[in-house]
Amino acid sequence: MPRNPESQKQKEANAIDQQSAALAARRKLAMEIIDFLDEKKVMDLLAIDLEGVNPYFGIFLIGTAGSQVQLKSLVREFSRRFAEQIPRGMNVRPADFASGWVILDLIDVVVHLFLPEQREFYNLERLWGDGKTLRDERRRL
């Protein structure tokens, strides 16, 4: 039985539409998180789209908290604000705070919050330099 070329084209078009919708949803969530982090006075915000580097990755958001207290407060508020997007079982341990680097993994968007010394030491910007830096037209990231 011959394949229906129109049916194949329709499937491909549907797949592209789904990818576009997923990308738009990922960027929308990233912008909501950026707004939250900006509101909470996180310093040196950076958004990197890593999908082009590795298809298993989405967007990394990197920011710096000014103190251990701010870091803890950010994570607590983040967990409340984005509770519906946080995968079941994602917990931040006390050792994460003590390390000065907290990772909040929402699958498509991963938030890295650092204390200044740890951000400089780990330098994720250099590590993931092949990723595309996203710009928020409302403000400079």
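The values are calculated or read from the model by the stated rules, or taken from the named source; none is laboratory data. All of these numbers come straight from a predicted model, not from anything done at the bench. Ideal geometry is used to build each Cβ from the backbone, glycine not excepted, and the neighbour counts take in all protein chains shown. Each accessible area value is taken on the protein alone, full model and side chains, heavy atoms only, with ligands, DNA and RNA left out. Shrake-Rupley method; radii C 1.70, N 1.55, O 1.52, S 1.80 Å.
Model label points for Ala24 and Gln10, set 7 angstrom from Cα along the Cα-to-Cβ axis, are 2.2 nm apart. For the pair Asp105 and Arg126, label points projected 7 Å from Cα toward Cβ lie 2.5 nm apart. What's the local net charge at Phe114, with K and R +1, D and E -1, over the other residues with C-beta under 10 Å away? Around Phe114, the charge tally is -2. Looking at region 22-81, the accessible area is 49 square angstrom per residue; that uses a 1.4 Å probe and ignores ligands, DNA and RNA.
Working ranking of peptides 20-26, 35-41, 48-54, 113-119 by packing, defined as the average number of other Cβ atoms within 10 Å per residue, highest first, is 113-119, 48-54, 35-41, 20-26.
Note on Lys72: lysines with a C-alpha under 16 Å away, same-chain residues under 8 apart excluded, are Lys40, Lys41.
Would region 32-141 count as rounded, prolate or oblate if I go by the C-alpha gyration tensor, calling it rounded below 1.5 in a/c and otherwise prolate when a/b exceeds b/c, oblate otherwise?
Rounded, because the longest to shortest axis ratio a/c is under 1.5.
Please label the shape of region 36-92 as rounded, prolate or oblate, based on the square roots a ≥ b ≥ c of the eigenvalues of the alpha-carbon gyration tensor (a/c under 1.5 means rounded; beyond that, a/b larger than b/c means prolate, else oblate). The shape class here is oblate.
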